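Undergrad: Below is the structure I would like to discuss, written out as structure tokens.
The values are calculated or read from the model by the stated rules, or taken from the named source; none is laboratory data. This is a predicted model, so every value here is computed, not measured. Virtual Cβ from ideal backbone geometry, glycine too; neighbours counted across all protein chains shown. Ligands, DNA and RNA are stripped out before the accessible areas are found, and what is left, the full protein with its side chains, is counted by its heavy atoms. Shrake-Rupley method; radii C 1.70, N 1.55, O 1.52, S 1.80 Å.
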Amino acid sequence: MNYRTRQEIFDIVARHLLTQGERSTAPKLGCAYRDGSGRKCAIGALIPDDLYSRDLEGFRADSPCILKAANIDASDGLFAAGLQDVHDKYLPHEWREKLEGWASTYNLSPAVLGDFA
């Protein structure tokens, strides 16, 4: 299987979060992969509509069911969970700075962030 690379994951997540500019939250769940209003969280942006199910809600980003739906190799589970934390633990105005740090930590190109200068 051809899993997404870390760079591909980062680019999709960064572009999504900075474009959306809002958290995806749902009552009783807090942060949610999908909020029912069209918003998606960091990892929710990687899950195609045909593979999304409300049954995925409540699972961590490094859970096998989430990794499979998002096409992420299990060896990148902690990487995905860290990107999920950017969405879940920080306010939208902090996301760009956190993503810059993430790119630096993992030696990724931050070029996609230039679209949101």
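Undergrad: Of all residues in the range 93-110, which are without any contact (Cβ under 8 Å) to a residue 12 or more places away in the chain and of a type in the set (G, A, S)?
TA: Correct list: G101, S104.
Undergrad: Among the helices (runs of 4 or more DSSP H) confined wholly to the range 34-115, which include 3 or more residues that are under 16 Å from L18 (Cβ atoms)?
TA: Because the criterion is at least 3 residues that are under 16 Å from L18 (Cβ atoms), the helices (runs of 4 or more DSSP H) in the range 34-115 that meet it are 77-89, 95-105.
Undergrad: Right, something else. List every residue pair whose Cβ atoms sit under 8 Å apart, with the two residues 6 or more apart in sequence or on different chains, where the first one lies in the range 80-92 and is free of Cβ contacts under 8 Å to residues at least 40 places away in the same chain and closer than 12 Å to A61 by Cα and the second, anywhere, is open to solvent by 20 Å² or more (accessible area, probe 1.4 Å) and in a helix (DSSP H, G or I).
TA: Cβ pairs passing all conditions: G82/W102.
Undergrad: Touching a strand residue (DSSP E or B) at 6+ places or on another chain (Cβ under 8 Å) and among the small types (G, A, S): is that true of G101 in this structure?
TA: On the way: touching a strand residue (DSSP E or B) at 6+ places or on another chain (Cβ under 8 Å): no; among the small types (G, A, S): yes.
When the stated conditions are applied, G101 does not pass them.
Undergrad: Looking only at the range 28-87, filter to residues that are of a type in the set (G, A, S) and over 20 Å from Y3 (Cβ atoms); which one of those is nearest to the chain's Cα centre (by Cα)?
TA: Across the range 28-87, the extreme among qualifying residues is A32.
Undergrad: Do you know which residues across the range 71-83 are closer than 13 Å to I47 by Cα and open to solvent by 20 Å² or more (accessible area, probe 1.4 Å)?
TA: The answer is N71, and nothing else.
Undergrad: Among R6, R15, R39, R23, which is the only one that is under 24 Å from F116 (Cα atoms) and free of Cβ contacts under 8 Å to residues at least 24 places away in the same chain? Explain how you work it out, then say what you get.
TA: Working: R6 fails: free of Cβ contacts under 8 Å to residues at least 24 places away in the same chain; R15 fails: free of Cβ contacts under 8 Å to residues at least 24 places away in the same chain; R23 fails: free of Cβ contacts under 8 Å to residues at least 24 places away in the same chain.
Of the residues listed, the single one that is under 24 Å from F116 (Cα atoms) and free of Cβ contacts under 8 Å to residues at least 24 places away in the same chain is R39.
Undergrad: Which condition breaks for A74 when tested against (1) aliphatic (A, V, I, L, M); (2) over 19 Å from S109 (Cα atoms); (3) touching a residue at least 24 places away in the same chain (Cβ under 8 Å); (4) touching a helix residue (DSSP H, G or I) at 6+ places or on another chain (Cβ under 9 Å)?
TA: (3)
Undergrad: Collect the residues in the range 48-70 that are closer than 12 Å to A80 by Cα and open to solvent by less than 100 Å² (accessible area, probe 1.4 Å), keeping them in residue-number order.
TA: Those that are closer than 12 Å to A80 by Cα and open to solvent by less than 100 Å² (accessible area, probe 1.4 Å): A61, D62, S63, I66, L67, A70.
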